[in-house]
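Read the structure below first, then the notes.
The values are calculated or read from the model by the stated rules, or taken from the named source; none is laboratory data. This one's a predicted model, so the numbers in the text were calculated from it and none came from an experiment. Note that we place each Cβ from the backbone using ideal geometry, even for glycine, and neighbour counts take in every protein chain shown. Please note that ligands, DNA and RNA were not included when accessible areas were found on the heavy atoms of the full protein model with its side chains. Shrake-Rupley method; radii C 1.70, N 1.55, O 1.52, S 1.80 Å.
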Amino acid sequence: MASQGGVGDAAAPPSHVYKVLIIGAGISGIVAGAQLQRKFPHVFNRSDPDSFIIVERAPEGCFGGTWHWNDYPGAECDIPSHLYSISFFPKSDWTSVWAPQSEILEYLRACASHFDLARYTRFGTEVLRAVWQPERNAYLVTLRDLASGTESRVLAAVVLSAVGVLGVPKIPDITGLDKFEGPVVHSSRWDRKLDLKGKKVAVFGTGASAIQLVPEVAKVADHVTVFQRSCSYVVAKPNYKYTAVEQFIFRYVPWARKLYRLALMLLIDSQFINFYSSLLNPAPLMMYFFSWLQRRLQVRDAAMRRRLTPDHPFGCKRLLLTNDWFPALARPNVSLIDAVIDGPVVRVDPRAVVTADGKHHAVDVIALATGFKASELLAPIEFRGADGRSLRDSWVAGKTTQAYKGVFVDGFPNLFLLYGPNTNVGHTSVIFMIECQMDLVIAALRRILPPPGSPPVPAAAGTLQHMPALQVTTTAVARYNKRLHAHMAHTAFAAGCRNWYSAADGTVVLNWASFASAFWLLTRRLHLSDFSVLP
């Protein structure tokens, strides 16, 4: 096994050398690969397929990241399609305001194909570690082929993490779950061959995946038992279908499409006002009303309405948009087991789920809609920086998970993050945020890569043309995050409820603390005074 960055690593010749190595071929990886070619055509072009590489765990050709893995029945986006898209690769023929998973995945793969990203991508491969080599101003990256288990090492001047936060499924720690005799499937690893017709299905979770999954499963299953730990605020989702005339206008009148996208952006971004927790802010009252109205109109039983009424402040958990969740729970073949009323699940038997009241709920299939290990950013990859420090140990061992503008980490030269700490948004398109972060990466690369017209500098086999390294200062990271979390304290995300935005100590490590437009302003330029350059 490779050492952790000592002399043995430095002496071992890498199999390939790259200027940039991108981890992940989801939305962030697609944006990064496309922008490298658009902004630096003199460096990244088809004449040099080894100028950069994208490393992806999924099988050959499977671009799309979370939209590749999350193909459970009913999966769709809760951000309008014309906004949940890449700005420089518009799609005029979205079928509806909120697109289904299959249409989003087709769109992302079309974008990857347009920029010929398969040429640069190594599928079926995972990154194990990236160790900074100071004598090379580059990272020695250890890869593993998932089919053969074979490890190899490559050298990269820049490592760009595009792994996202919705990649590692969260499996609940329930006694006996591994002894269950029927299928156990997580929503993000759905088995499309699984036949639920006539089956008794247990669904754990009542979040964003569950509210889409349960209504579809209930249509075919004999019975569905939903196990609820807590409930969230639910509002209507009027999913309007675009007409052929509208699609024609979006295609042939580009300014109309751009104006529509801008209007969506401004309207939706303005909704962040609902997430401020000040007593002087009346905006959340409207959301409380809409959520109350949804329950009142769709849940006739008063006792059931009480069980579906959240006990936390609005915005502390993700707002759920759906027209089908409450009607599904009212179906005669669907039961809701509430941890507060019926008691929490204590164990799983070979053919049943047992709750604290001793009742056995017979099931044939268990579906886990329990989300992801979202707050464990970059897990399980190991990064070691300029001082040999492990990023994973720093972030997991109780220390603050943080970065400068979500992109740069002190002590880790030329390591750039997309969808890094505190860049998630719960009210608008995360793709917009990813593009803003990529703008910062582009600005940083302009300080690292050779400018247009520079003559190539010969390098020995297995080595890189020496390039400078950019490293954010510890002072800049601390200053930025102090302001960020001071602002975060006034949002509902920090209200103290259990959510996937926060680390175990309650620190909000995922969400951005303001309007997306504010993040856009923040990322317009790279402040070089906050960085040091390693020659």
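Some observations on this one:
- Taking the conditions (1) free of Cβ contacts under 8 Å to residues at least 60 places away in the same chain; (2) open to solvent by less than 20 Å² (accessible area, probe 1.4 Å) in turn, G65 satisfies each one other than (1).
- Residue match in the stretch 76-98 (condition: farther than 29 Å from R384 by Cβ, within 19 Å of the chain's Cα centre (by Cα) and aromatic (F, W, Y)): yes
- Selected residue (criterion: nearest to I431 (Cα to Cα)) from residues of the stretch 27-56 that are under 16 Å from the mean Cα position of the chain (by Cα) and open to solvent by 10 Å² or more (accessible area, probe 1.4 Å): I27
- Checking each residue in the stretch 102-126 for being open to solvent by 10 Å² or more (accessible area, probe 1.4 Å), within 23 Å of F44 (Cα to Cα) and of a type in the set (A, V, I, L, M) picks out A110, A118.
- Residues of the stretch 68-91 classified as touching a residue at least 40 places away in the same chain (Cβ under 8 Å) and farther than 27 Å from A367 by Cβ, total: 9
- When residues of the stretch 321-373 are limited to those that are at pLDDT below 90 and of a type in the set (V, I, T), the one nearest to H223 (Cα to Cα): V345
- Number of the exception - L417 against (1) surrounded by fewer than 24 Cβ atoms within 10 Å (Cβ to Cβ); (2) modelled with pLDDT of 95 or more; (3) under 28 Å from H16 (Cα atoms): (1)
- Inside the stretch 92-101, residues that are open to solvent by less than 40 Å² (accessible area, probe 1.4 Å) and under 18 Å from T243 (Cα atoms) make up a count of 6.
- Verdict on R296 being open to solvent by 40 Å² or more (accessible area, probe 1.4 Å) and touching a helix residue (DSSP H, G or I) at 6+ places or on another chain (Cβ under 9 Å): yes
- The listed residue being at pLDDT 90 or above, in contact with a strand residue (DSSP E or B) (Cβ under 9 Å, 6 or more places away or on another chain) and surrounded by fewer than 14 Cβ atoms within 10 Å (Cβ to Cβ), out of V533, V441: V533
- Criterion violated by S148 - all others in (1) among the hydroxyl-bearing types (S, T, Y); (2) surrounded by fewer than 23 Cβ atoms within 10 Å (Cβ to Cβ); (3) under 30 Å from F408 (Cβ atoms) satisfied: (3)
- Considering G358, G315, the condition of being closer than 21 Å to R229 by Cβ, of a type outside the set (K, R) and without any contact (Cβ under 8 Å) to a residue 40 or more places away in the chain is satisfied by G358 alone.
- Any hit, the stretch 151-171, residues being farther than 30 Å from M265 by Cβ, assigned to a strand (DSSP E or B) and touching a helix residue (DSSP H, G or I) at 6+ places or on another chain (Cβ under 6 Å): yes
- D410 among the acidic types (D, E), surrounded by fewer than 19 Cβ atoms within 10 Å (Cβ to Cβ), more than 15 Å from the chain's Cα centre (by Cα) and at negative phi: no
- Any hit, the stretch 494-508, residues being at positive phi and assigned to a loop (DSSP other than H, G, I, E, B): yes
- Here I268 meets each of (1) in contact (Cβ under 8 Å) with a residue 40 or more places away in the chain; (2) among the β-branched types (V, I, T); (3) open to solvent by less than 20 Å² (accessible area, probe 1.4 Å) with one exception, condition (3).
- Condition broken by I366, with the remaining ones in (1) open to solvent by less than 30 Å² (accessible area, probe 1.4 Å); (2) touching a Phe, Trp or Tyr at 6+ places or on another chain (Cβ under 7 Å); (3) closer than 30 Å to I23 by Cα satisfied: (3)
- Test for R392: is it open to solvent by 20 Å² or more (accessible area, probe 1.4 Å) and assigned to a strand (DSSP E or B): no
- Of all residues in the stretch 506-523, those satisfying the criterion of being open to solvent by 20 Å² or more (accessible area, probe 1.4 Å) and at pLDDT 95 or above are W512, F515, S517, A518, W520, L521, L522.
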